[in-house]
């Protein structure tokens, strides 16, 4: 374990714009890692780069400190200037031994993420490792580490509530919308083509909704979102003349005054009298209070969603103690497996040594006696030697495992 090292640059100590300087493009990644692996005589290495962290996982017997980290980064030739290097080194965290394993497990379980409980980090870690494994940059030790990382993360996500309650306003809004059991061809008006509405549109598209009309101040942005959704695009000014009816309005603009006034809402209804749904994710709300007073509306708005998100986030933090207990159990299990693996590797030469002794006995030491035997006697001798050879090979391993088990009690 003492050779496991992690050089970590994360959102906790470094601004995201500075982290971006450490991102290595995929085209050059393997070559650069291969170069530093050889130059620094690193046994195994893999690189993890996400939107809020850049980490190098190393297996090396060298001392990894600030000076080592600076030489390492310079050797990657990714264009980090002297000023940026100083900023990065001030924010770097270096883990080693059991602390390194604990950090990797906490990272894969999202305990170190910007949003605790987000599951995206585990596939990112696995993909980063697999890419380096396929390139021959990793070996048996990191294979065991990654098995532990994946196992621990799956147990945390399965056996705790750390990721079960959504904490993004968009996902919460979609869940509430889904409760109304809308049909897939429900008429959906999307007002505003910014990031929030783009994100909720992905949920709608994923769940096979197909009838969209998008309104935005800038027509080109409405057209882009409409293209993604296979819908119609309009300017915001065209809202007052839209006469195709609707079932749901999803709105999120930066307007200071309400977009959906009683007059606009009446026009959009186009004579329909049924209860409609408004998802208003704008701050301040795009929906005038009078609309809610005068018309039957299922109203989903950002303030109440934020309150739910805060409660859910607090619940996730309450789950940290359970997640950390699972991580601790996996570390203990890993250390025992590591000892066993070391014994296995040390015992690899036992079968070859026994075969050498067997061949030497038959072909050299007792050659004359064996040659003087008849065919039947030779066959019996061969069976006896083969039997004893198999038993002798297993004895050292069994004894070593017994010693290992007894030492843990």
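Using the structure shown, decide if residue 111 is within 14 Å of residue 157 (Cβ to Cβ), modelled with pLDDT of 95 or more and assigned by TED's automatic domain parsing to the domain that holds residue 19.
Answer is no for this residue.
Of all residues being within 56 Å of the chain's Cα centre (by Cα) and surrounded by 12 or more Cβ atoms within 10 Å (Cβ to Cβ) in the stretch 363-389, which is modelled with the lowest pLDDT? Just the residue, please.
389
Hey, which of the strands (runs of 3 or more DSSP E) in the stretch 194-272, taking only ones fully inside, have at least 3 residues that are over 23 Å from residue 305 (Cα atoms) and without any contact (Cβ under 8 Å) to a residue 24 or more places away in the chain?
Counting at least 3 such residues, we get 232-235.
Restricting attention to the stretch 1-22, and to residues there that are assigned to a loop (DSSP other than H, G, I, E, B) and at pLDDT 85 or above, which single residue is surrounded by the fewest Cβ atoms within 10 Å (Cβ to Cβ)?
15
What number of residues within the stretch 78-108 satisfy the criterion of being on the phi > 0 side of the Ramachandran plot and either out of contact with any helix residue (DSSP H, G or I) (no Cβ under 9 Å at 6 or more places or on another chain) or not assigned by TED's automatic domain parsing to the domain that holds residue 154 (or both)?
Number satisfying all stated conditions: 1.
Can you spot a residue in the stretch 217-229 that is over 16 Å from residue 193 (Cβ atoms), modelled with pLDDT under 95 and touching a helix residue (DSSP H, G or I) at 6+ places or on another chain (Cβ under 6 Å)?
No: zero hits.
Checking the condition at pLDDT 95 or above and either touching a helix residue (DSSP H, G or I) at 6+ places or on another chain (Cβ under 7 Å) or over 30 Å from residue 103 (Cβ atoms) (or both), which residue from 272, 290, 301 passes?
That would be 290, the only listed residue that is at pLDDT 95 or above and either touching a helix residue (DSSP H, G or I) at 6+ places or on another chain (Cβ under 7 Å) or over 30 Å from residue 103 (Cβ atoms) (or both).
So, in the stretch 126-147, exactly how many residues are crowded, with 22+ Cβ neighbours inside 10 Å and part of a helix (DSSP H, G or I)?
4
Give the residue that is surrounded by the fewest Cβ atoms within 10 Å (Cβ to Cβ), with candidates limited to residues of the stretch 51-87 that are within 21 Å of residue 35 (Cβ to Cβ) and within 23 Å of the chain's Cα centre (by Cα).
If we take residues in the stretch 51-87 being within 21 Å of residue 35 (Cβ to Cβ) and within 23 Å of the chain's Cα centre (by Cα), then 59 is surrounded by the fewest Cβ atoms within 10 Å (Cβ to Cβ).
The values are calculated or read from the model by the stated rules, or taken from the named source; none is laboratory data. Everything numeric here is computed off the predicted structure, so don't read it as measured data. Here Cβ is always computed from backbone atoms with ideal geometry, including for glycine, and neighbour counts include all displayed protein chains.
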